[in-house]
Structure formats: structure tokens, C-alpha cells
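Asker: Take a look at the following structure, please.
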């Protein structure tokens with residue numbers, strides 16, 4: 001019998017537990033990921049949806065932005081959603097609702113989002129050749145449903161991946177058909193997936209969005225040690241280590257110094273203070289209260 005040639009190392013598809021593994025070796029990149037589904041639900045009704053997802057990343061300064069939009073997923077009403085993390089600050093922009101700003105240095109603010117790793121990795125396939133993708137000489141592999149490490153049973157699948165010398169996936173396309181084991185009870189249909197890494201190590205800057213640049217107006221003071229700072233739709237809150245009486249005095253003094261006039265409805269007790277101020281066509285309510293060993297400050301700004 002004719003001997004079967006032993007695959008060379010480059011012909012063996014690497015074990016890819018994660019589609020995005022290895023990207024942390026890059027100085028910067030953008031990911032364009034598009035996914036679509038067409039099929040039917042358990043009652044036989046047609047179902048169609050699309051998802052467009054982009055990630056931008058820079059190592060220095062540390063920053064990341066994810067932009068999502070789609071159709072058929074309940075996203076038509078919200079439009080394009082952006083989540084940006086620049087060093088220790090996070091910004092979320094939802095059209096029509098403004099910017100939610102938080103400080104979350106130790107939290108993975110992206111962990112709740114759908115990502116290209118949602119469906120696992122790839123194991124097995126066939127070496128096709130070496131091709132240049134976005135300026136990178138990458139190894140091209142093709143595979144079928146048996147290579148998908150999703151723990152899901154696709155009826156049929158055909159895909160291609162291109163792997164950079166550093167080991168990360170630079171391009172990945174997939175067409176797959178599945179039934180309820182994949183898409184839910186009684187559902188079936190076809191999934192299309194296009195994933196590509198571009199602008200690799202190219203210089204670009206992820207900047208604070210214009211609508212998030214200023215948490216509160218310049219004439220409303222914030223204590224220098226403000227922590228757990230968040231702002232959304234005209235309401236800003238933070239905590240401070242300063243004693244309650246010092247925080248109260250700070251706002252009484254600073255608001256007066258910046259031209260605000262105290263209005264009716266203000267009140268102050270040993271454990272809570274609420275101050276109402278007016279200036280020109282604006283009004284501000286400041287609430288101060290001790291909570292769990294700190295002092296919580298909430299500021300609400302309204303334009304009349």
C-alpha cells in the first residue's frame with residue numbers, strides 16, 4: 001500500500017482554545033466581527049438577526065473600545081452602543097441616554113458583553129498554505145464542524161482561519177448550520193461569521209468621547225479624593241473618605257463661592273444633608289449621607 005505522508009508541523013492546526021488569545025502581544029489593533037443568523041424558531045416563524053461588533057485596543061496608553069450594533073436582537077431601539085475603558089475610567093454611550101461614566105480600575109467591564117470567544121476555539125483542520133493577510137504572512141487552515149470546540153453540535157460547518165506567526169487568529173470565516181442543540185429549543189438555521197484583525201500595531205489613539213468629557217459643569221465642585229465616581233443623565237455620584245461635617249461645609253462654602261444661591265427645600269440633620277441651589281436657568285440638588293464608613297455624595301443637575 002502507498003504510505004500516507006506524515007503531516008509537517010505547519011500542516012497541523014494549532015489548538016486554539018480562544019479566538020482572541022495572543023492579541024495581548026500586540027501594541028494596537030482593531031477587530032471587525034460580523035455575525036448573522038437566518039432560520040426559524042420553535043413555532044416555525046422566520047428568524048433573522050445581525051450583529052456588527054468592533055473592538056479597538058492600544059497598549060500604551062491602556063485603552064479599549066467596543067462598539068456594537070445590530071438588527072433583530074432588540075438593538076434597533078438603542079442603536080450603536082459604545083463601551084470605552086481608558087486607564088481606570090469607563091464610559092458607556094447609549095444613544096438618547098447620554099454617557100454613563102464610572103471608575104472601575106479593578107473590574108473587567110467587558111466581561112458581560114458577547115465576544116468572539118463566546119463560541120470557544122478550534123481544534124483540527126487542514127493546512128491550505130501561507131497567505132498575506134493585512135500585511136501579515138499567516139498560515140491558512142480550513143476545517144469543518146468536527147473542529148469546532150464549542151461543545152455544540154452543528155449539522156454542517158465550513159470554515160477557514162488564518163493564524164499569524166505569533167499565534168493569534170488574524171482572520172476567521174465560518175458558515176454553519178444547526179438545530180436546537182445550537183440555537184435553542186425547536187430552532188434551526190444558518191450562521192455566518194466574519195472576523196478579522198486590522199490596523200495591527202498601527203498608531204492610533206482612543207479618546208474620551210465628547211459627550212463624556214465633562215462629568216459635571218465646571219462650576220459644581222467635586223472633592224479631590226472622590227472615588228467610585230459615576231455620572232449618567234445629569235446625575236453624578238461618588239464616595240469620599242472625608243468626615244460628613246467636612247463634606248457638608250465644603251459644599252456650603254464652594255457652591256456659594258461659585259455663585260450658586262441656596263433654594264427652598266434644603267435640609268440638614270446629623271446624618272443627612274440635602275441642598276438645593278439655583279443659578280441662571282439651572283438647578284442643582286446635592287445629597288450627602290454617611291454610608292458604610294464613607295460619605296456618599298449625589299449631585300443632580302437640571303436645566304429649567
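Read-outs throughout are calculated quantities, based only on the coordinates presented, and are distinct from any laboratory measurement. Fair warning: this is a prediction, and the values are worked out from it, not measured in the lab. Positions of Cβ are generated from backbone atoms using ideal geometry, with glycine treated the same way; all protein chains shown enter the neighbour counts.
Asker: Going by average Cβ density within 10 Å per residue, which order do the peptides 164-171, 247-254 take, highest to lowest?
Answerer: Working: 164-171: 18.9, 247-254: 16.4.
Taking the mean over residues of other Cβ atoms within 10 Å, the ranking is 164-171, 247-254.
Asker: Still on this structure, please answer the following. Rounded to two decimals, what is the ratio between the C-alpha radius of gyration of the chain and 2.2 N^0.38 Å? Write out the running numbers ahead of the final one.
Answerer: On the way: Rg = 26.2 Å, N = 304, 2.2 N^0.38 = 19.3 Å.
The chain yields a ratio of 1.36.
Asker: Further, regarding this structure: In whole Å, what three semi-axes, largest first, describe the equivalent ellipsoid of segment 19-65 built from its Cα gyration tensor (square root of 5 times each eigenvalue)? Walk me through the intermediate numbers first.
Answerer: Values: eigenvalues 247, 20, 10 Å².
In descending order, the three semi-axes are 35, 10, 7 Å.
Asker: A further question follows. What's the FRET efficiency of residue 42 with residue 227 using the Cβ-Cβ distance as r and R₀ = 45 Å, to the nearest 0.05?
Answerer: Details: r = 48 Å, r/R0 = 1.07.
The formula returns an efficiency of 0.40 here.
Asker: Nearest 10 degrees is fine. How inclined is helix 244-257 to the longest principal axis of the chain, computing both from alpha carbons?
Answerer: 80 degrees
Asker: Express the relative contact order of the chain as a whole percentage, based on alpha carbon pairs under 8 Å and six or more residues apart in sequence.
Answerer: Dividing the mean separation by the residue count of the chain yields 16 percent.
Asker: Among 56, 241, 175, which one shows the biggest mean-square fluctuation in a GNM of the chain, springs joining Cα atoms closer than 10 Å?
Answerer: In the Gaussian network model the winner is 241.
Asker: Let me ask something else. I'd like the distance between the alpha-carbon centres of segment 15-41 and segment 242-304, rounded to an integer number of Å.
Answerer: Spelled out, the Cα-based centre of one part sits 47 Å from the other.
Asker: If you don't mind, another one. How do the peptides 287-299, 39-51 rank, highest first, by the average count of neighbouring beta carbon atoms within 10 Å per residue?
Answerer: Working: 287-299: 15.5, 39-51: 13.5.
Top to bottom by mean Cβ count within 10 Å: 287-299, 39-51.
Asker: Would you look at the GNM of the chain, springs on alpha carbons closer than 10 Å, and say which of 202, 246, 131 moves the most?
Answerer: Answer for the Gaussian network model of the chain: 246.
Asker: By average Cβ neighbour count within 10 Å, what is the ranking of 119-130, 256-267 from highest down? Write down the numbers at each step before the final one.
Answerer: On the way: 119-130: 16.1, 256-267: 12.0.
Per-residue mean Cβ counts within 10 Å order the peptides as 119-130, 256-267.
Asker: When Rg is the radius of gyration of the Cα atoms in segment 263-304 and Rh is its Kirkwood radius, what does Rg/Rh come to?
Answerer: Values: Rg = 11.6 Å, Rh = 11.0 Å.
Answer for segment 263-304: 1.05.
Asker: Report the relative contact order of segment 214-303, percent, no decimals, based on alpha-carbon pairs under 8 angstrom and at least 6 residues apart. It would help to have the intermediate numbers written out before the result.
Answerer: Details: 156 pairs, mean separation 24.6, N = 90.
Taking the mean separation of contacting Cα pairs over the length of segment 214-303, I get 27 percent.
Asker: Right, another one. If each DSSP helix of 4+ residues adds -39,500 (n - 2.57) and the sum is divided by the residues in the chain, what number results at 222 nm, nearest 500 deg cm²/dmol? Let's see the in-between values first.
Answerer: On the way: 2 runs with 18 residues, N = 304.
Value at 222 nm, helices only: -1500 deg cm²/dmol.
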